[in-house]
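What follows is a single structure, written as structure tokens, with notes after it.
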Amino acid sequence: MYYIKENDKPGKIYQFFIKLFNIIELNDNLIEVAKIQNLKGKKKERILKKVAKKTIYLLDKTNSKKIVLSKNLKQEDEYKNYLYSKNYDIVDGKYLFTLLASDVLEYIIKKRNIEKKELKIAILANDISNLKGIIYDIVRKYKNVTIISRHISKLKIIQNELYEKEGIVIAISNNKRKSLLRTNIILNFDFPEETINKFSIYEDANIINFNNKIRIHKKRFNGTNIYDYEIKLKKDKLDEIVNFNKELIKSTYTKDIYEAQLYKQQNFTNLRNKIRDDGVKIKYLLGNNIF
């Protein structure tokens with residue numbers, strides 16, 4: 001796995017040669033590329049393309065396809081597309097976001113001062129193959145939970161299992177007119193924008209989109225529409241992961257650094273235990289009408 005960030009070493013002469021020759025430096029697992037952020041127009045496009053090609057040339061010599069981009073480089077869609085075209089896995093924090101679903105819930109409940117008796121949660125998920133552990137984690141903590149999906153038959157297996165083994169009752173629905181009408185927290189795992197906007201949504205709902213940023217078209221919707229986040233964790237753990245590289249910590253999202261070192265083949269319980277032991281907490285959420 002490699003980290004990629006813009007080179008921000010001081011010195012006008014040094015920076016001049018970096019831009020002139022589109023220099024790329026490799027130190028251990030850190031790649032530093034010429035600064036793109038302050039360039040504009042055709043000059044930026046030309047240098048960005050050269051930097052991307054040199055990055056790929058360097059990465060192709062390694063055995064790793066996983067990369068973590070700095071905050072600045074994550075904003076450069078063209079640069080990312082070059083990397084995607086060569087099948088590089090750019091860590092985006094979405095996998096970790098899903099694992100933190102119950103933590104996000106607790107964060108919102110606390111920030112919004114929502115009483116548990118008033119809490120009504122909806123889980124939106126068509127593909128539930130990797131969500132079973134997350135669903136169980138949530139429904140064990142909160143009683144009033146509805147799962148909305150087009151795969152009702154698959155969910156009935158989970159519904160029956162929860163009731164028979166633990167006495168937990170969950171509702172299953174796909175009613176576009178009623179399912180979300182009184183729900184104050186909506187966990188959207190994979191519903192696209194077009195689909196979710198077909199539902200009648202409670203106007204003050206808190207929507208968390210774990211996969212893609214979506215826009216709610218309802219004119220009366222005045223709730224919170226969340227699409228991103230950042231975490232904090234034990235300082236010694238973060239230092240350990242990046243080998244005490246302060247520049248890397250400053251230039252890169254902690255969520256990306258942390259997700260990159262997760263072994264995704266572990267089961268949900270082991271992953272959650274690791275997250276707890278590493279002291280992972282929600283630092284903030286990003287979205288519209290955020291609290």
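Sort through Tyr84, Tyr142, Tyr95 and tell me the only one that's touching a Leu at 6+ places or on another chain (Cβ under 7 Å) and of a type in the set (Phe, Trp, Tyr).
Matching residue, one of Tyr84, Tyr142, Tyr95: Tyr142.
Condition test on Ile134, is it at pLDDT 90 or above, part of a strand (DSSP E or B), surrounded by 13 or more Cβ atoms within 10 Å (Cβ to Cβ) and at negative phi?
No, not satisfied.
Find the residue count for segment 254-291, including only residues that are of a type outside the set (Asp, Glu) and either within 21 Å of Ile4 (Cα to Cα) or assigned to a loop (DSSP other than H, G, I, E, B) (or both).
17
Of all residues in segment 236-253, which are in contact (Cβ under 8 Å) with a residue 12 or more places away in the chain and either exposed (fewer than 13 other Cβ atoms within 10 Å of the Cβ) or outside any loop (DSSP other than H, G, I, E, B) (or both)?
Of all residues in segment 236-253, those in contact (Cβ under 8 Å) with a residue 12 or more places away in the chain come to 237-238, 241-243, 245, 247-248, 251-253.
The answer is Lys237, Leu238, Ile241, Asn243, Glu247, Leu248, Ser251.
Looking for something in the same structural domain as Lys35 (by TED's automatic domain parsing), aromatic (Phe, Trp, Tyr) and either in a helix (DSSP H, G or I) or in contact with a strand residue (DSSP E or B) (Cβ under 9 Å, 6 or more places away or on another chain) (or both) - is there at least one such residue anywhere in segment 96-117?
Kept after step one, since they are in the same structural domain as Lys35 (by TED's automatic domain parsing), are these residues of segment 96-117: none.
Taking every residue of segment 96-117 in turn, none turns out to be in the same structural domain as Lys35 (by TED's automatic domain parsing), aromatic (Phe, Trp, Tyr) and either in a helix (DSSP H, G or I) or in contact with a strand residue (DSSP E or B) (Cβ under 9 Å, 6 or more places away or on another chain) (or both).
Does segment 146-156 contain any residue that is small (Gly, Ala, Ser) and touching a residue at least 60 places away in the same chain (Cβ under 8 Å)?
Within segment 146-156, none of the residues are small (Gly, Ala, Ser) and touching a residue at least 60 places away in the same chain (Cβ under 8 Å).
Hey, among the residues in segment 84-95 that are touching a residue at least 60 places away in the same chain (Cβ under 8 Å) and either out of contact with any strand residue (DSSP E or B) (no Cβ under 8 Å at 6 or more places or on another chain) or of a type in the set (Ser, Thr, Tyr) (or both), which one's nearest to Leu262 (Cα to Cα)?
Tyr95
Output the residues belonging to segment 37-69 that are buried (at least 17 other Cβ atoms within 10 Å of the Cβ) and more than 23 Å from Gly93 (Cα to Cα).
Ile47, Leu48, Val51, Lys54, listed by residue number.
If you go through segment 64-83 one residue at a time, how many are of a type outside the set (Val, Ile, Thr), closer than 26 Å to Lys274 by Cα and in contact (Cβ under 8 Å) with a residue 60 or more places away in the chain?
5
Determine which single condition Leu262 fails, assuming it passes every other condition in (1) under 20 Å from Leu105 (Cα atoms); (2) among the hydrophobic types (A, V, I, L, M, F, W, C); (3) touching a residue at least 40 places away in the same chain (Cβ under 8 Å).
All conditions are met except number (1).
Can you name the number of the only condition in (1) of a type outside the set (A, V, I, L, M, F, W, C); (2) free of Cβ contacts under 8 Å to residues at least 12 places away in the same chain; (3) within 17 Å of Asn288 (Cβ to Cβ) that Glu193 fails?
It is condition (2) that Glu193 fails.
Take segment 96-111 and flag every residue that is surrounded by 16 or more Cβ atoms within 10 Å (Cβ to Cβ) and in contact (Cβ under 8 Å) with a residue 40 or more places away in the chain.
Leu96, Phe97, Thr98, Leu99, Leu100, Ala101, Asp103, Val104, Leu105, Tyr107, Ile108, Ile109
Filter the strands (runs of 3 or more DSSP E) completely within segment 147-235 down to those with at least 3 residues that are among the hydrophobic types (A, V, I, L, M, F, W, C).
Those strands (runs of 3 or more DSSP E) span 185-188.
The values are calculated or read from the model by the stated rules, or taken from the named source; none is laboratory data. The structure presented is a predicted model; accordingly, all values stated were derived computationally and were not measured. Backbone-built Cβ (ideal geometry, glycine too); neighbour counts: all protein chains shown.
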